Structure formats: C-alpha cells, structure tokens
Amino acid sequence: MSIALEIQRVCSDAVRQHGAGRIGSVRVAIGELAAVEPELLRFAWEAVVAGGPHAGSSLEVVWCPANQRCSRCGEVKDRATGSWLRICPDCGLPLDVTGGDELDVLDVTFTPDAEAQSDDAAGASADDAAGDR
Amino acid sequence: MSRVVTVRRRALEASEERARGLRERFAQSGTLVVNIISSPGSGKTSLLEATVTRLAAGHRCAVIEGDVATERDADRIRALGVPAHQVLTGGACHLDARQIETALGAARLLPADFLFIENVGNLICPTAYDLGEDFKVAVLSVTEGDDKPFKYPAIFARAAVTVISKIDLLPHVPFDLAVVDERLRSLNPSATILRSSATTGEGIDAWCELLTARLTEKRRSCVST
C-alpha cells in the first residue's frame with residue numbers, strides 16, 4: 001500500500017509538470033526480485049486512487065525478470081520464475097545476477113484538464129517526453 | 001486527447017533519498033546500524049536483549065523497535081538500561097526511512113556505537129525498504145521450519161547475516177541445520193550464517209564478535225574516505 005502511495009506521488013508530480021490532468025493509466029516496471037506482487041500492487045493502486053481525482057485509473061505492471069549467468073556455463077535456462085538461485089545448478093559456481101530489482105514508474109497517461117491552470121511544481125524533474133497517444 | 005508522460009523514476013525515490021541521508025548521518029556518528037528482519041516470534045527481541053547485555057561493557061548501544069502496537073519491546077530493552085525508541089506503525093507491516101528519522105529526532109539514540117533496528121515481524125515487506133543500515137540480518141528460528149529460506153527467499157538473499165535462533169530447541173523439532181545451510185548458501189553464497197540461543201547464551205559471543213569487527217571496519221573506512 002505504501003508503495004502504491006509513493007507511485008501516486010511520483011505520477012502526480014509528473015502530471016503537474018505538464019499542467020494538470022486526470023490520470024488514466026500508469027506503467028510500472030517491477031523486477032522479480034523486488035518483493036512486490038503485481039496483483040496486490042494493482043489492487044493497492046485502486047484503493048489509493050479511489051475517491052480522489054485519479055479514481056478509476058489503472059496500473060499496468062511491466063514484469064522484469066532477473067538474469068542469472070554462470071561464468072562457465074552461460075545463461076541459466078529453465079529457471080522457475082522468482083527463483084533466487086545464486087549457484088549454478090550445473091557446475092556449482094556462484095552466478096552473476098543482474099537486474100530484477102526494478103521498482104520504477106515508466107510513464108503516465110493522463111487527460112489534461114481543459115480549464116487547468118499550469119501550476120508547475122518546483123524542483124521535480126521528469127523527462128520531458130510528453131506526446132499524444 | 002490523452003497524453004503520455006515518460007517518467008522513469010524509482011517508485012521509492014523519496015524513501016531512498018532519506019535512506020542516503022541517514023547513511024551519511026550514521027557514517028558521521030561512526031555508528032554501525034543493523035536492520036533485523038524476521039517473522040513474528042522468531043526471537044529478535046530476545047537476541048537483542050542478549051546482545052546489548054553482552055556489548056554493554058565498552059560499547060554504547062541504542063535500539064529502535066518497530067511494532068504494530070504496544071511499547072512492550074522497547075520496555076524490555078530500556079529495562080536493561082539501553083536507550084530505545086518504539087515506533088508504532090499502526091498496521092503498517094514494515095519500517096521506512098522517514099520513521100527512522102523521526103525516531104532519531106524523538107529520542108536521544110545517537111551518538112552510539114551500535115544502533116539496532118528491530119523491524120516489524122514480517123519476512124516480506126521490510127525487505128524492500130532501505131533504512132540507511134549497514135546490513136540486514138535475518139533471524140530464523142528452528143521452530144519455523146527449515147523450508148523458510150525457499151518460501152521467503154528475498155530476505156535471505158539480501159541479508160548479509162542469517163542467525164538461526166532457538167537452537168536449544170533443536171532436539172524437539174524437525175529442523176535440519178545442514179539443509180538450511182545449503183539452502184541459504186544457494187540463495188546468498190557470501191552470507192554469514194550463525195546459530196544462537198538467547199536462552200542458553202550459545203552463539204551470542206560469535207554474533208557480538210561479528211558486530212564489533214564490522215564496527216571496526218566501518219570506522220576504519222569512514223576515516224580513510
């Protein structure tokens with residue numbers, strides 16, 4: 001729930017920088033090692049935005065698996081999702097594990113308020129890559 | 001017409017920024033900070049009681065306790081003459097960096113050689129939150145079952161130290177130490193695995209030696225940088 005609140009804060013900041021508007025959907029990257037369950041996060045998002053200006057908006061999860069690589073045997077294949085294996089099943093060497101710890105807000109889709117005045121929040125910095133969809 | 005804004009920011013950036021600030025503060029005060037995580041009832045507070053008692057000669061300890069309700073745990077630590085602050089989360093299942101900042105403001109915990117943060121009893125959510133600690137410690141009691149490391153891998157993969165607690169109860173429960181060692185190593189080959197009993201005092205010396213060695217290391221590296 002607190003992660004959903006933080007995501008809402010980051011998204012509201014980003015939308016405010018482009019005027020104001022109502023969030024339709026957000027895309028969030030979740031790594032498989034981030035200890036976040038996508039279905040629960042979607043549910044928490046619904047609860048967090050309920051009753052507010054972004055009520056009814058949706059949260060889309062982009063799932064990011066971790067890469068596990070053995071210096072001798074290469075990529076570990078047929079790995080169960082969420083597997084935390086740190087030792088190569090074939091040769092026993094420690095694996096090099098990269099990625100999978102993502103917990104990032106990727107982008108926000110919003111409908112600008114027709115009568116919104118721009119009240120730019122000072123300080124925050126989102127990449128300036130707004131475009132029509 | 002709807003618009004898309006690219007954000008690409010860490011969802012927990014505000015919390016991570018606070019954790020960085022805390023880490024700097026702890027470096028300045030030369031305090032080794034340990035974030036202790038386990039399921040409820042695995043013996044975190046008992047381990048802490050034994051630890052601060054053992055370290056009391058020659059070291060200043062302080063404790064932040066996280067619980068959903070009651071001052072019970074902080075009272076247990078204070079009874080030993082060690083400053084403790086109780087964070088009541090009111091339902092939240094983990095501590096975050098903001099609560100640590102508040103605790104440091106509310107109670108006179110620093111300067112200290114060791115600050116122990118006893119997280120809310122939970123093996124899942126506390127894993128994701130950086131509190132500015134030097135390392136995380138997982139506590140696993142033998143009564144919980146030896147399959148815990150595979151069922152809740154995140155904490156055991158992230159904890160620099162795992163303490164197997166309540167080992168005095170080993171004769172009474174089906175818990176295979178060798179199997180757990182192997183499972184923990186497969187999740188985290190570099191982790192230190194210790195065994196302890198707060199009741200008999202077994203393993204407390206080794207745990208305290210690890211803590212004082214890490215403190216010495218930290219102070220050496222803080223001075224050299």
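Residue under question is A:Arg9, and the condition is that it be closer than 12 Å to A:His54 by Cα, surrounded by fewer than 18 Cβ atoms within 10 Å (Cβ to Cβ) and without any contact (Cβ under 8 Å) to a residue 24 or more places away in the chain; does it hold?
yes
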Subject >> Selection count where residues are touching a residue at least 12 places away in the same chain (Cβ under 8 Å) and farther than 14 Å from B:Gly121 by Cα, scope region B:71-85 >> reply: 10
Original post:
How many residues does region B:1-24 hold that are more than 15 Å from A:Glu102 (Cβ to Cβ) and within 12 Å of chain A (Cβ to nearest Cβ)?
Top reply: 10
**OP:** Could you figure out which of (1) open to solvent by 10 Å² or more (accessible area, probe 1.4 Å); (2) touching a helix residue (DSSP H, G or I) at 6+ places or on another chain (Cβ under 7 Å); (3) not in a strand (DSSP E or B) isn't true of B:Thr102?
**Re:** (2)
Subject >> When residues of region B:175-197 are limited to those that are within 14 Å of chain A (Cβ to nearest Cβ) and either closer than 12 Å to B:Val142 by Cα or out of contact with any helix residue (DSSP H, G or I) (no Cβ under 7 Å at 6 or more places or on another chain) (or both), the one least open to solvent (accessible area, probe 1.4 Å) >> reply: B:Ser186
Original post:
In region B:109-128, how many are touching a residue at least 60 places away in the same chain (Cβ under 8 Å), open to solvent by 10 Å² or more (accessible area, probe 1.4 Å) and in a loop (DSSP other than H, G, I, E, B)?
Top reply: 6
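Kindly indicate the residue of region B:59-75 that is in a helix (DSSP H, G or I) and not aliphatic (A, V, I, L, M) and also most open to solvent (accessible area, probe 1.4 Å) among those meeting that condition.
So the first thing to find is which residues in region B:59-75 are in a helix (DSSP H, G or I), and the list is B:72-75.
The next check asks that each one be not aliphatic (A, V, I, L, M); those that pass are B:72-73, B:75.
Details: B:Arg72: 170, B:Asp73: 23, B:Asp75: 80 Å².
Here the answer is B:Arg72.
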Subject >> Output for region B:150-174, where each listed residue is open to solvent by 20 Å² or more (accessible area, probe 1.4 Å) and not in a helix (DSSP H, G or I) >> reply: B:Tyr152, B:Ala160, B:Lys166, B:Val173, B:Pro174
Original post:
Quick one: which of B:Ala206, B:Ala198, B:Ala178, B:Ala213 is within 11 Å of B:Val163 (Cβ to Cβ) and outside any loop (DSSP other than H, G, I, E, B)?
Top reply: B:Ala206
Original post:
In region B:10-23, which residues are surrounded by fewer than 21 Cβ atoms within 10 Å (Cβ to Cβ) and without any contact (Cβ under 8 Å) to a residue 60 or more places away in the chain?
Top reply: B:Arg10, B:Glu13, B:Ala14, B:Glu17
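Taking B:Leu131 as the residue in question, decide whether it is of a type outside the set (Ser, Thr, Tyr), closer than 21 Å to B:Phe26 by Cβ and surrounded by 18 or more Cβ atoms within 10 Å (Cβ to Cβ).
Taking the combined requirement at face value, the residue satisfies it.
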**OP:** Select from region B:25-58 the residues that are within 14 Å of another protein chain (Cβ to nearest Cβ) and open to solvent by 20 Å² or more (accessible area, probe 1.4 Å) and list them in ascending order.
**Re:** none
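The values are calculated or read from the model by the stated rules, or taken from the named source; none is laboratory data. The structure displayed is predicted, hence computed values, not measured ones. Glycine gets a Cβ as well: all are built from the backbone with ideal geometry, and neighbour counts include every protein chain shown. Ligands, DNA and RNA are excluded from the accessible area calculation, which covers all protein heavy atoms including side chains. Shrake-Rupley method; radii C 1.70, N 1.55, O 1.52, S 1.80 Å.
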